[in-house]
Amino acid sequence: MTEVGDMDGDMTQLAPEVPEQAVPPMGAALRDAIANVKPVKMRRPLRDLGVFLALSIPILAGVAVLIGIRRDISEVSPLWVGSVAVIWLSSFAASSYLGFVPAKGHVRPRSQNIYQVVAIASVLIISVGLFATTSATTSITYPATFSNVMAHAPSCSIMGVTAGILPGLIALVLMRRYVPVGRLSIGLSLGAAGGSLSGLVLHLHCPISERFHVGFIHGGSLVLSALFVAGASQVLLRERDS
Amino acid sequence: MSADLSQLMKRYCEGDPQAFEELYAACAPKLLRYLVRLCGEVSTAEDLLQLSFLKVHKARSSYIEGAKPLPWMYTICHRTFLDEVRKRKRSKVVDVGGDVPEQSAAIDGRLAIETEKPENSERLNRTLEALQSLPPSQRQAVVLTKLDGKSMREAADIAGTSIGAMKVRAHRGYAALRKTLEGAKS
C-alpha cells in the first residue's frame, strides 16, 4: 500500500534502480562520431557581441542617413526625443547582450531574462507611443481612424521590419553553429535588438505624431522583428552535419 | 569536479577523443539516471542518452570555454526527452491500425514502467506510475529536486527557468503526485 505521508521528505529511495557508477556503453553512432572528432572553435560570446554591434550599428546608421531626419525635429521637445531614444537604445543594449552572453559559467542563454526583457521592452515602447507622443506644427497628424492608420502604415512597417530583421539575420548567419537548446530565445533577443535599432531610426525619421501609428507601427517593428528572427533561428541554428 | 569537466570539454573541443571518453564516463551515469527517472524505462533512457551525446558532439562548437558542461548536458537530455515524447504522441495519433493492438506509449506516461518495474515494491511502482502522469515540466522539477537531490538553483539552471518558477513547478508536481497516490490509496 502506498503511504503518501512517507513521501514528505527525501524521495531518493523511490528512484528506479540505476547503479551509481555504471557507465552505459557507447552506441555505434556515437563511437563513429568520436573516432573522427575534429577540433572546433569554441564560442566566444563577447567577441560575437562585438561583431554584432560593429555590423548592426553602422548598417542602421546608414539607413538613418539614407532616409533622413524627421522634418519636425527642431520643433519637438529635445527631452522627449532623447528620452524615447534612450528607451529604444536600452532595449537594443539589453536584448543584444542577453542574446549573446549567457550567465557566467553557463552555455545556454538566459531564456527567462530574455523573455522578460523582450516583453517589457515591447509593452513599454508601444505604451510610450500610445500615451506619450508629442506633436509640433510641422508634424503629420490625422484623425485616428482604422483606415487612416492603415493608410500610413506600409512605409514605416516595411522599413522598420526590414531594417529590424537584417542585423538579427546577419548575426545568426555569422554564428553558423548548431545550438541544441535556447535557439528560440537567442533568435527572439537578436530580433528584438534589431527591431529596437530600427525603431530608433523610425523615431528619428518619421514625423507622424498620431499615437496609434507611433505605438503600433513603430513599436510593432520590434515585435515583428523579434518573432521573425526567432523563427529564422530555428532554421539557421538547427542541427547540421559536423 | 566542475573545473575538471570544463577542462575535459575544452580538450574535447580541441579534438582530443580521449577527453570525450573521460567526459562520457563522468557524466553519462548521472544523465542516464536522470533520463530513467524522467521516462521510466531503462532501454528508452539509454537510447535518449546516446542521442543526447550525439547532440553534444554536434553542438560542441557552441560550448563556451570555462562553462560548466553538466547543466548544459542535462538540458540537452531534457530537450531530447521532450522531442521523443512529442514524436511518440504524434505517432500514436497517426498510427491507428485496426488490426494491430495499440502499444502503450511508455515514455509519455501512464503505462510506461510496466515492462521494467522493480519486482518487490508496490509503493515504488505506484509512485513511479504517478510520476509518469505528471506534465513534463513538473516531472522534471520533481525528478531534479526530489529524486536527484539537486538544489532549487541547480534545478532552475538545468531547466532554464527562475528559482521561483522551479519552486512552483516542484510544489505543483509534488502536490499532484500526492493527490494521485491518495486517490490510488482510497
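Here the relative contact order of segment A:153-242, from alpha carbon pairs under 8 Å that lie six or more residues apart, stands at 47 percent. Our analysis of segment A:41-236 gives Rg over Rh at 1.00, with the two radii drawn from alpha carbon positions and Rh computed by the Kirkwood formula. Pair-distance distribution P(r) for segment B:125-186, from all Cα-Cα distances in 10 Å bins starting at 0: 26, 52, 19, 3 percent. Computed from backbone phi with θ = phi - 60° and the Karplus coefficients 6.51, -1.76 and 1.60, the 3J(HN,Hα) list for segment B:53-60 is 5, 5, 5, 4, 4, 5, 9, 5 Hz; x is used for glycine and proline.
Close amide H pairs (under 5 Å, H built 1.01 Å from N) link A:ILE208 with A:ILE140, residues at least 5 positions away or on another chain. The C-alpha atoms of chain A define a longest principal axis, and helix A:183-205 lies at about 10 degrees to it. Sorted largest first, the spans of the alpha carbon positions of the protein assembly as shown along the three principal axes are 85, 55, 47 Å. Here B:GLU182 sits with roughly 90 square angstrom of accessible surface, probe radius 1.4 Å.
Sequence-ordered 3J(HN,Hα) estimates for segment B:12-25 from the Karplus curve with 6.51, -1.76 and 1.60 and θ = phi - 60° stand at 5, 5, 7, x, 8, x, 4, 5, 5, 4, 5, 4, 4, 4 Hz, glycine and proline given as x.
In chain A, the longest principal axis of the Cα atoms and the axis of helix A:78-100 are about 20 degrees apart. Using C-alpha pairs under 8 Å with a sequence gap of at least 6, the mean separation divided by the residue count of chain A gives a relative contact order of 26 percent.
Partner shielding of A:110-118 amounts to 2, given as the average count of beta-carbon atoms from other chains within 10 Å of each residue beta-carbon. The shape of segment A:42-127 comes out oblate: with a ≥ b ≥ c from the C-alpha gyration tensor, a/c is at least 1.5 while a/b does not beat b/c.
When only C-alpha pairs under 8 Å and at least 6 residues apart count, what is the relative contact order of segment B:1-70, in percent? That works out to 46 percent. Using the Karplus relation 6.51 cos²θ - 1.76 cosθ + 1.60 with θ = phi - 60°, the per-residue 3J(HN,Hα) values for segment A:124-139 come to 5, 5, 5, 5, 4, x, 6, 10, 9, 7, 10, 9, 10, 5, 8, 6 Hz, with x marking Gly and Pro. Remark: segment A:184-230 projects, on average over all directions, an area of 2.8 nm² (convex hull of Cα atoms). Counting only protein heavy atoms and using a 1.4 Å probe, the accessible area of A:ILE165 comes to about 30 Å². Counted over all Cα-Cα pairs of segment B:1-70, pairs farther apart than 15 Å make up 53 percent. Total buried accessible area between A and B, probe 1.4 Å, nearest 100: 5400 Å². To the nearest 10 Å², what's A:PHE228's accessible area with a 1.4 Å probe? Approximately 110 Å² for this residue.
Apolar share of the accessible surface for segment A:41-236: 73 percent from carbon plus sulfur atoms, 1.4 Å probe. Rounded to the nearest 500, the 222 nm mean residue ellipticity of chain A from helices alone is -20500 deg cm²/dmol, with -39,500 (n - 2.57) taken per DSSP H run of at least 4 residues. Packing-based ranking of B:69-77, A:33-41, A:49-57 yields B:69-77, A:49-57, A:33-41, ordered from highest to lowest mean Cβ neighbour count within 10 Å. Each Lys or Arg adds one and each Asp or Glu takes one away; over the other residues whose Cβ falls under 12 Å from the Cβ of A:CYS156, this sums to 0.
Pairs over the 28 Å Cα-Cα cut-off, from the set B:LYS10/B:LYS167; A:LYS104/B:LYS58; A:LYS104/B:LYS87; B:LYS55/B:LYS87; B:LYS68/B:LYS89; A:LYS41/B:LYS89: B:LYS10/B:LYS167; A:LYS104/B:LYS87; B:LYS68/B:LYS89; A:LYS41/B:LYS89. Mean projected area of the Cα convex hull of segment A:158-242, taken over all directions, amounts to 5.2 nm².
The values are calculated or read from the model by the stated rules, or taken from the named source; none is laboratory data. Remember, it's a predicted structure, so these values are computed and weren't measured experimentally. Every residue, glycine among them, receives a Cβ derived from its backbone with ideal geometry; neighbour counts consider all protein chains shown. Ligands, DNA and RNA are stripped out before the accessible areas are found, and what is left, the full protein with its side chains, is counted by its heavy atoms. Shrake-Rupley method; radii C 1.70, N 1.55, O 1.52, S 1.80 Å.
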